[in-house]
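One structure below.
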Amino acid sequence: MAQGSGSARQVTILGLSLLLCLLLQAGIAESAVYAVGDSGGWTFNTVAWTNGKRFRAGDVLVFKYNPGVHNVVAVDAAGYNGCKTTRGSKVFKSGNDRFTLRRGRNYFICNVVGHCEAGMKVAITAV
């Protein structure tokens with residue numbers, strides 16, 4: 001009888017291990033990586049870039065741009081609507097910046113003078 005319960009325990013542990021692996025893979029598979037602006041990169045008139053896309057919390061946005069000309073700032077709704085860098089916002093300047101979307105609205109602008117006002121901003125809703 002002892003051998004039978006040991007085998008059952010091994011099968012249970014193996015089954016739980018497989019289930020854990022499947023759950024981890026499912027979580028990874030659900031996340032998508034998006035290049036903001038597609039092949040054009042992060043530039044002017046990216047407001048409509050989100051059309052037809054479905055974003056989820058955990059998806060990653062990659063902002064590719066010329067760091068000598070642009071930047072990217074994650075802001076709140078007021079910062080987005082007013083094209084202002086809000087208190088506590090960090091300005092990213094690498095030219096290859098990555099952001100993981102959180103559930104709800106996510107706002108990004110370029111805070112170089114005049115760029116946000118010229119359409120270099122994007123608002124994304126992640127479900």
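Bear in mind that the values in this text are calculations on the coordinates, not laboratory data. Keep in mind that this is a model prediction, so the values were computed, not measured. A quick note on method: Cβ atoms are made from the backbone with ideal geometry, for glycine too, and the neighbour counts reach across all protein chains shown.
Run the simple label-point estimate for THR100 and VAL113 please: 7 Å along Cα→C-beta, distance reported in nm.
It is 3.7 nm.
If you stretched the chain out fully between VAL62 and ASP76, how much longer would it get, using 0.36 nm times the residue separation minus the C-alpha to C-alpha distance?
Values: separation 14, 0.36 × 14 = 5.04 nm, distance 1.86 nm.
Fully extending the segment from VAL62 to ASP76 adds 3.2 nm.
Which of the three applies to segment 34-118, rounded, prolate or oblate, going by the alpha-carbon gyration tensor with a ≥ b ≥ c and a/c under 1.5 meaning rounded? Walk me through the numbers on the way to the answer.
On the way: a/c = 1.40, a/b = 1.13, b/c = 1.24.
It is rounded, given that a/c, with a ≥ b ≥ c, falls under 1.5.
Listed highest first by mean packing, meaning other Cβ atoms within 10 Å per residue, what order do 107-120, 80-93 come in? Display every interim value, and only then the final one.
Details: 107-120: 17.9, 80-93: 14.2.
Packing proxy ranking, top to bottom: 107-120, 80-93.
Using Cα pairs under 8 angstrom and six or more residues apart, how large is the relative contact order of segment 48-98, in percent? Display every interim value, and only then the final one.
On the way: 47 pairs, mean separation 22.1, N = 51.
Value for segment 48-98: 43 percent.
Less than 21 Å apart at the alpha-carbon level, and either on another chain or at least 8 residues along: which lysines does that give for LYS93?
Within the straight-line cut-off, LYS93 pairs with LYS64, LYS84, LYS121.
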